[in-house]
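What follows is a short report on a single structure.
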Amino acid sequence: MKKYWVIITVSACILAACGSQKKINSNGNVQPEVNSNENMQDAGLKDTGKQKDLSFENTKWILKSIDGNEVEMLPDKPAYIIFSDDERISGFLGCNGFSGSYYLSGDILKLDNIISTQKGCFPKNPEKLFSSVLSRVDACVVIGNKLVFTQMGKEIAAFEGYNE
């Protein structure tokens, strides 16, 4: 029990020390902040100056890679995540649907209260890996139509965005 209090206390201190707030773009949509070109280079993305960032919220982010490896999935059932403007998330893990809540401050991202359906899954879907990413992510960045999740500064997942 003491272990959990230590984790909660340290997390709260980190979030309090961050001191940044949600960044709102000219369309009134929340955007994670891009702190430097290093983040873009770490994510394997180039700032061409011509890309228009998609909105972090209300965009369908299709999972493309986990830990640098391309994700194999059925083309008609891609794994994805959607962040709503009321700090809720929903998506598809590759076999089961999921939902939960999120908190975004600058580029710091915390996912919480994740629940999913529990149907049996066939091999060759990203279900377990994607679930692992959702529990590990601590920050994110949007560049153009790409969303990158990181853990301790290292890319753990990349997504491609689509507006429906």
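The values are calculated or read from the model by the stated rules, or taken from the named source; none is laboratory data. Worth saying up front: this structure is predicted, and the values here are computed from it rather than measured. We place every Cβ from the backbone using ideal geometry, glycine too, and count neighbours over all the protein chains shown.
For this structure, a couple of remarks:
- Residue, farthest from D67 (Cα to Cα), within the stretch 116-164, restricted to residues that are among the hydroxyl-bearing types (S, T, Y) and over 15 Å from the mean Cα position of the chain (by Cα): T117
- Residue within the stretch 119-130 that is among the polar types (S, T, N, Q) and out of contact with any Gly (no Cβ under 7 Å at 6 or more places or on another chain) present: no
- Lone qualifier among G44, G28 - being in contact with a strand residue (DSSP E or B) (Cβ under 8 Å, 6 or more places away or on another chain), among the small types (G, A, S), at pLDDT below 95 and surrounded by fewer than 19 Cβ atoms within 10 Å (Cβ to Cβ): G44
- Selection status of P78, part of a loop (DSSP other than H, G, I, E, B), out of contact with any Cys (no Cβ under 6 Å at 6 or more places or on another chain) and buried (at least 17 other Cβ atoms within 10 Å of the Cβ): yes
- The residues listed here are L129, L147, L111; of these, the one that is surrounded by 15 or more Cβ atoms within 10 Å (Cβ to Cβ), on the phi < 0 side of the Ramachandran plot and touching a helix residue (DSSP H, G or I) at 6+ places or on another chain (Cβ under 7 Å) is L111.
- Selected residue (criterion: surrounded by the fewest Cβ atoms within 10 Å (Cβ to Cβ)) from residues of the stretch 50-75 that are farther than 16 Å from G161 by Cα and not acidic (D, E): K50
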